[in-house]
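Everything below concerns the one structure shown next.
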Amino acid sequence: MAEDDELRDSALLADVFGPALPKLQAFYAKLEAEGEERGLIGPRDQNILWERHLLNSAAVVPFMRQAFDHAQFKTVADVGSGGGFPGLVAAAMLPEARFTLIEPMERRCVWLNECIETMELNNTVVVRARAEEAIGALELAHGRKSKTPVPAEVTESIRHPFTVVTCRAVAPMTKLAAWTMPLVATGGELIALKGRSAQTEIDKASKQIAKVDGVHPCVVEAPVADGLEPTHVVIVSKRGSKRR
Ligand SMILES: C[S@@+](CC[C@H](N)C(=O)[O-])C[C@H]1O[C@@H](n2cnc3c(N)ncnc32)[C@H](O)[C@@H]1O
């Protein structure tokens with residue numbers, strides 16, 4: 001049980017999540033009850049769920065708000081959403097935006113759909129797909145050939161690129177660049193949660209980032225909450241977007 005989670009009754013939660021807190025408390029309760037058994041969180045995560053998963057995910061939200069400032073559409077894709085991080089957390093905090101959670105594993109998609117219902121989110125859909133298939137769907141939508149075969153459900157669900165693509169713990173930047181940047185609209189951004197190795201990762205991936213029209217890659221320290229260790233976010237703009 002997560003009765004040891006020292007943030008459970010903390011005022012920090014209301015500070016960070018604001019009006020989204022009840023939805024996130026419902027998500028937390030489901031994660032606490034079922035997350036480990038369903039293979040979505042590790043046994044050692046159980047008493048640090050708020051910090052490691054929910055607050056950590058919330059760190060992308062201010063960067064998403066900034067990206068929406070100069071965008072026509074407030075759309076976000078979370079690639080490799082898994083248990084819903086950061087996608088479900090950000091979706092609860094940004095009800096004005098539309099979220100697409102892209103996740104290939106069937107049982108994780110079932111979980112994500114259950115969470116959407118539990119959290120009463122009406123701005124979020126789940127698409128069962130690999131990033132490569134989602135990219136293929138966009139290529140088809142633009143009248144180009146897709147290198148990857150694309151299931152019909154994916155073609156129907158993904159027709160437009162996204163203002164923001166986000167992800168956490170999916171792949172190193174050398175691979176992630178090709179899995180995410182083609183999904184980002186011109187004028188949009190990849191906003192990826194990364195660990196301390198973020199700068200090394202973008203340095204290593206400079207060629208891969210440039211190849212998919214990524215420009216101005218940078219690492220930004222992202223506050224989590226007062227008194228908690230900040231995290232890191234990699235931001236890559238899509239060629240044609242405003243210079244940061
Ligand atoms: C380590 S989990 C991270 C899940 C979640 N983002 C988090 O931070 O807790 C990686 C996730 O990426 C998904 N994944 C793996 N390959 C993928 C691909 N090619 N396209 C999209 N998602 C992928 C996996 O199914 C898994 O759910």
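Any read-out appearing in this document is the output of simple, stated calculations on the displayed coordinates, not a laboratory observation. Just so you know, these numbers come straight off a predicted model, no measurement behind them. Quick reminder, even Gly has a Cβ in these numbers, built from the backbone with ideal geometry, and neighbours come from all protein chains shown.
Quick notes on this one:
- In this structure, the amide hydrogen of GLY188, modeled 1.01 Å from its nitrogen in the peptide plane, lies closer than 5 angstrom to those of LYS238, counting only residues at least 5 positions away or on a different chain.
- Across the options GLN46, LEU21, MET64, the greatest Cα extent toward the positive end of the charge dipole of the range 1-133 (unit charges at beta carbon of Lys, Arg, Asp, Glu) belongs to MET64.
- Gyration tensor (alpha-carbon) shape descriptor, the range 192-242, a/c threshold 1.5: oblate
- Subtracting the Cα-Cα distance of SER197 and CYS218 from 0.36 nm times their residue separation leaves 6.3 nm of extension gain.
- Ranked packing of 211-218, 149-156, most packed first, by mean Cβ within 10 Å: 211-218, 149-156
- DSSP assigns beta bridges within the range 58-238; of those with both partners inside it, close to 40 percent run antiparallel.
- Test item: Cα-centred dipole of the chain, Lys/Arg +1 and Asp/Glu -1 on Cβ, debye: 1560
- Near LEU13: Cβ cut-off under 15 Å, other residues only, Lys/Arg at +1 and Asp/Glu at -1. The net charge is -4.
- Neighbours of ILE209 by Cβ distance under 11 Å: Lys/Arg scored +1, Asp/Glu scored -1, total +2.
- Per-q log10 I(q)/I(0), the chain, q = 0.16 Å⁻¹ (Debye; single scatterer per alpha-carbon; no solvent): -1.16
- J(HN,Hα) series, the range 43-51, from Karplus relation 6.51 cos²θ - 1.76 cosθ + 1.60, nearest Hz, glycine and proline x: x, 7, 7, 3, 9, 10, 4, 4, 6
- Rounded to whole Hz, the Karplus (6.51, -1.76, 1.60) HN-Hα couplings of the range 32-37, x for glycine and proline: 5, 6, 10, x, 6, 4
- Net charge of the neighbourhood of ASP226, taken over other residues with C-beta under 13 Å away and scored Lys/Arg +1, Asp/Glu -1, is -3.
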